[in-house]
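The values are calculated or read from the model by the stated rules, or taken from the named source; none is laboratory data. Only a predicted model underlies this, so the values are computations on that prediction, with no experimental measurement involved. Please note: Cβ atoms are built from the backbone with ideal geometry, for glycine as well, and neighbour counts cover all protein chains shown.
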């Protein structure tokens, strides 16, 4: 593996004389160009007042935890409802393939027939379980 050399002069605490050009702290040579690098980093401490609140009125941690848990439960209910729709659509598609005749292979028709029989019961079970919560 071949290594390449970089034309970088490490920053030093004293000025360096380089022909007619002088380099100061934080400057590097890139080919025939001299670039200045930032030597200081601006730092402003972050205060709690600087951070925008998520709600207009400050809520306690317990209230925030309860609110976030309720949001998570609502999202879970939405996802289960979407899954129920997908299960129903899959059961209908499986029934169409099962009743498709000789166009589909016997193995595909048999698997789809089993799915068409099983998925409606699975959907009913899921609906009962999700209504309990």
#### Entry: Qualifying residue in region 115-122 (condition: on the phi < 0 side of the Ramachandran plot, in contact (Cβ under 8 Å) with a residue 40 or more places away in the chain and touching a helix residue (DSSP H, G or I) at 6+ places or on another chain (Cβ under 8 Å))
no
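Given the condition more than 16 Å from residue 122 (Cβ to Cβ), under 29 Å from the mean Cα position of the chain (by Cα) and not in a helix (DSSP H, G or I), answer yes or no: does some residue in region 59-75 qualify?
yes
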Cβ pairs under 8 Å, 6+ apart or interchain, first in region 68-82 and touching a residue at least 60 places away in the same chain (Cβ under 8 Å), second assigned to a helix (DSSP H, G or I) and surrounded by fewer than 10 Cβ atoms within 10 Å (Cβ to Cβ), ordered by first then second residue, are none
Going through region 97-112 in order, the residues found to be more than 29 Å from residue 77 (Cα to Cα) and part of a helix (DSSP H, G or I) are 97, 98, 101, 102, 103, 106, 107, 108, 109, 110, 111
Any residue at all in region 39-49 that's loosely packed, with under 10 Cβ neighbours inside 10 Å, more than 32 Å from the chain's Cα centre (by Cα) and either at pLDDT 95 or above or more than 30 Å from residue 125 (Cα to Cα) (or both)? yes
